[in-house]
Amino acid sequence: MRIKLICPSWQRISYQTHYVLPPLGVLAVAAATPPEHEVVIADENIAPIDLSGPADIVGISMLLACQAPRALALADAFRARGVPVIMGGLSATCMADILKPHADALVLGEAEGVWAQALADAARGRLRPVYHRKSLTAAHDIPSARHELTDTSAYSYRGLRMPELVETSRGCSRRCPVCPVPRVMGQRHRYRDVDQVVAEMAAIGSERLYIVDCQLKFDESHERRLFRAMAGLGKTLATQELGLNPRLLRLAADAGCRLVFLPIQEDLARVPEVVKRLHDAGIAVEGSCCFGYDHHGPDIFERMTDFLSAVGMDYAEFTILTPFPGTPLRDRLKREGRILHEDWSRYNAGNVVFQPARMTAARLEAGYRGAWERFYGKETEPLRMARLLRRMGGGPGFEPVSVVDERKVIPFQKSGTAARWGGVARALRKKA
C-alpha cells in the first residue's frame, strides 16, 4: 500500500524564531512500517499538503495539542475522498474522544507492535476503531527512525541546517504536572542500545543532532557509554539536562555537545553553578522558563529575566503554563473550574487558556510578552538563535554571553534562596 504520513502545522509562539525541526514522530512510525509498503512523509510545516496525491492510507501524527484543529481538518478532507485515515501520536493518545469522529482508526500509545497490525487490517478492509498496545515497547524493539525519508536541507534557518532529532531512550521518571510523557510512555527510562543509536546518528545527513530524551542526567552510566561511542562521529548536538560531573561534561563536549536545554524551575540557587560548569566545558545553555504557576505573582517576570541575564544564560525561551490534555495539571485545573476554553489551536504555550491564581489572564499574557522583550532588549532573539546554531556547526571559539556575577544577581526569593545563592556565589568566585 501507499502510505502518506502527515505532520500537521500549528500556531507557533509569536516571539520565538520560526524554525522547523524534522518530525521524529512520523519517521519513527515509518520505521515501524513493514517493508512491503511504500511510505511518503508530508510535513505541512515545510510545504502544503497535497490532498489529491495518491494514497491508500493516510496516517496523521499529532505530537502537540495545538495541532488538533489542523489534524482534524486534514483527516476530514482525506476521508471525504474515500481515503482511510489513522491518527496517533502523544497528544492524540490524550485526546482520543475528540479525534474518534474524524478518523477511521486511532493508534494510541507507542506505534511499535500495533501499527503493522492496523495496516494489515486496512489492507483487508477491516480496520478496528482503536489499536492500543497493552505494554510499552521494549528498548531493543525500538527501531532507528527513517531519517532518509525527509530532505534535511529543507529544515534550515538563515542558511544553517537545523538539528535532526534522535531518541536514545523513552519514558520519564519525573512525573512533572505539565507533561503527558509519563502517562503515555511510562514512568521509567528505557534505554536503547548505544551502538544502534550511534549507527543511526552516523547515517543522518545533518551534522547537527538534537537528543530528545526527557533528560539524560538521570543515568550517568548511559551518558558515559553514549558520549564515548559518539567520539569521532563528527556531529554536534544539543540535549536536555546532563549530569554535572566535570569528567562527564568533558566526554559530552568531546562527543560534540554544544548546547544544553535547562528548565528553570524553583531551585534557582543551583542555576548559576550549572551554567558555569557547562560554560567551563564549552557548552552553551538555553534556559526554559514557564510563567503562570499558582505561586507566581505580577513581579515574577522582571525578577526572572534579570536573574537569567545575570547568570549568563546564552538563550532563553519563555512560555505560559498550559494545561495540556493528559497531564495532572489539566486534571487539577479542570476540577477547580479554571480552564477558560478548549480552542486547541491556542494550546501552544504562548496563550493564556486558564485562570491564573495570583493575577488576571491579561496580566499574565502582558508579563509574558514583556519577558521576551526585556531579555532580548540588547541583542535580538533571532541573532542569538543564529549564534547558537553557528556554535553547533562544530567550530571552535565558544564564548559564553557573560559570566556569573553575584553583584548582578537579584535573589529570586526573600527567604531561603538568598542565603543559598550567597554560598553558591562565593564558591564560584573561589573556583574562578
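Computed quantities for the displayed model
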read-out	value
Theoretical ellipticity at 222 nm over the chain - DSSP helices of four or more residues, -39500 (n - 2.57) apiece, nearest 500	-9500 deg cm²/dmol
Residue-wise HN-Hα coupling along the stretch 117-131, computed from phi with Karplus coefficients 6.51, -1.76, 1.60 (Hz; x: Gly, Pro)	5, 4, 5, 4, 5, 5, 4, 8, x, 10, 4, 8, x, 9, 10
Within the stretch 25-176, percent of DSSP bridges classed antiparallel, to nearest 5	15
Segment residue 121-residue 288, extension gain: residue separation times 0.36 nm, minus the distance between their alpha carbons	55.8 nm
Ordering of 117-123, 13-19 by burial proxy (mean other Cβ atoms within 10 Å per residue, highest first)	117-123, 13-19
Listed residues 234, 214, 87: farthest to the positive end of the dipole of the chain (Cβ charges)	214
FRET E, pair residue 334, residue 18, Förster distance 30 Å, beta-carbon r, rounded to 0.05	0.40
For residue 284, residues with placed amide H under 5 Å, excluding near neighbours	259, 260
Total formal charge among the other residues, if their Cβ is under 15 angstrom from that of residue 122, Lys/Arg +1 and Asp/Glu -1	+1
Distance between the stretch 9-26 and the stretch 265-284 - C-alpha centres, whole angstrom	27
Spin-label pair residue 244/residue 46, simplified geometry with 7 Å Cα→Cβ offset, distance in nm	3.9
Helix axis angle, 300-310 relative to the chain longest principal axis, alpha carbon, degrees	70
Rounded to 5, the percent of DSSP beta bridges in the chain classed as antiparallel	10
Solvent-free Debye scattering, log10 I(q)/I(0), computed from the Cα coordinates of the stretch 2-138 at q = 0.21 Å⁻¹	-1.36
Simple Cβ-charge dipole of the chain, Lys/Arg +1 and Asp/Glu -1, about Cα centre, in debye nearest 20	1120
Estimated D of the stretch 157-299 in µm² per second, where Rh is the Kirkwood radius over Cα pairs and Stokes-Einstein applies at 4 °C, 1.567 mPa s	80
Environment charge at residue 225 (Cβ cut-off 13 Å; Lys +1, Arg +1, Asp -1, Glu -1)	-2
At 0.890 mPa s and 25 °C, Stokes diffusion of the chain via Kirkwood alpha-carbon radius, µm² per second	107
log₁₀ of I(q)/I(0) at q = 0.17, 0.29 Å⁻¹ - the stretch 70-120, Debye sum with one point per alpha carbon	-0.49, -1.15
P(r) weight above 15 Å for the stretch 248-332, C-alpha pairs, percent	62
For residue 350, residues with placed amide H under 5 Å, excluding near neighbours	320
Mean-position separation - Cα centroids, the stretch 298-322 and the stretch 28-103, in angstrom	36
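We did not get these values from a lab; they are worked out from the coordinates using the rules stated. In this text the structure is predicted, and so the values were computed from the model without any measurement. Cβ sites come from the backbone with ideal geometry, for glycine too, and all protein chains shown count toward neighbours.
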